[in-house]
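Comments concern the structure below.
The numbers here are math on the coordinates, done by the rules we state, and not lab data. What you see is a predicted model; the values in this text were computed from it and never measured. Cβ: placed from backbone, ideal geometry, glycine included. Neighbour counts: every protein chain shown.
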Amino acid sequence: MGGIAGIVTVAVALSLFLAYLRREMAPIGAQVALAFVIVALVALLDPLRQVIDAFWELAHGAQVRPAYVSLVLKAVGVAYLTSIGAELARDAGEEAIGAVVELAGKVAILLLALPVVAAILDVLVRLLPG
Amino acid sequence: MDVTVIYQIAGIGIIIAILNIFLSQAGRGEQAQMLSLAGVIIVLVWLIRMIAAFFNDVESVFRLWQ
């Protein structure tokens, strides 16, 4: 909980300060905002690691095949990375670059999910009579 | 990575803004521009390292290479 309080405090202080810095020195204001985003996300990564470890434990207990769990986690990871990248690009005022980053994430996830789709189709074909 | 990085970058921003005001008051607009460009690039190099470290962390948390 201490980490969350720190993040919120720094966020409030920075947003007051950035009102000044963006007027005087706009590019470095954007960079300060970017630095805050990265530091906050790194601070959030440790709880996230615990959640994912718990998820692995649950999947292991339910005897889900590890390949599928790993696939889901990879898709979540790709979505996390690309949404952060897209938001950072949008924050710097580049709407088009953000859209391309999101598109790249969608393609990557589609590529990850392709073997599963193929497996489902395989099962369906085997289930169909004849 | 620590919160102090944010304050350091903000400090660089303040110093460059102040020097910028001095230089442009002294009639050296060209040098003021160069100074702000240099500041932006220095902070950018710093940030790119932070982003690379962060993306590596994300990869290890989500086990993207397994």
(message) Rounding to the nearest 10 and keeping the result within 0 to 90°, find how far the Cα-based axis of helix B:29-62 lies from the longest principal axis of chain B.
(response) 10 degrees
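Which whole number gives the average count of other chain Cβ atoms within 10 Å of the Cβ atoms across peptide B:11-19?
Numbers: counts 1, 4, 13, 6, 2, 4, 7, 2, 0.
Per residue, the average neighbour count from other chains is 4.
What is the dipole size for the protein assembly as shown, taken about its Cα centre, with +1 at each Lys and Arg Cβ and -1 at each Asp and Glu Cβ, in debye to the nearest 20?
Details: 11 positive and 14 negative charges, 31 e Å.
Charge dipole, the protein assembly as shown, about its Cα centre: 140 debye, nearest 20.
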(message) Under the rule a/c < 1.5 gives rounded, and otherwise a/b versus b/c splits prolate from oblate, where does region A:57-130 land using the Cα gyration tensor?
(response) oblate
(message) Output needed for region A:1-91: three equivalent-ellipsoid semi-axes, defined as square roots of 5 times the C-alpha gyration tensor eigenvalues, in descending order, whole Å.
(response) 36, 16, 6
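Rounded, prolate or oblate: pick one for region B:1-52, where a ≥ b ≥ c are the square roots of the eigenvalues of its C-alpha gyration tensor, a/c under 1.5 means rounded, and failing that, prolate if a/b is larger than b/c, else oblate. Mind showing how you got there, number by number?
Details: a/c = 6.91, a/b = 2.08, b/c = 3.33.
Because a/c hits 1.5 or more and a/b fails to exceed b/c, region B:1-52 counts as oblate.
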(request) Treating the angle as unsigned and between 0 and 90°, give the value, to the nearest 10°, between the Cα long axis of helix B:4-25 and the longest Cα principal axis of chain B. (result) 20 degrees
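Efficiency by 1/(1 + (r/R0)^6): what FRET value for A:Ile4 and A:Val116, r their Cβ-Cβ distance, R0 = 41 Å, to the nearest 0.05?
Using R0 = 41 Å, I get an efficiency of 0.70.
Compute the FRET efficiency between A:Glu87 and B:Ala26 as 1/(1 + (r/R0)^6), taking r as their Cβ-Cβ distance and R0 = 41 Å, and round to the nearest 0.05. Write out the running numbers ahead of the final one.
On the way: r = 40 Å, r/R0 = 0.97.
Rounded to the nearest 0.05, the efficiency is 0.55.
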(message) Counting other beta carbons within 10 Å of each residue's own, what order do B:Phe62, A:Phe36 fall into, fewest first?
(response) A:Phe36, B:Phe62
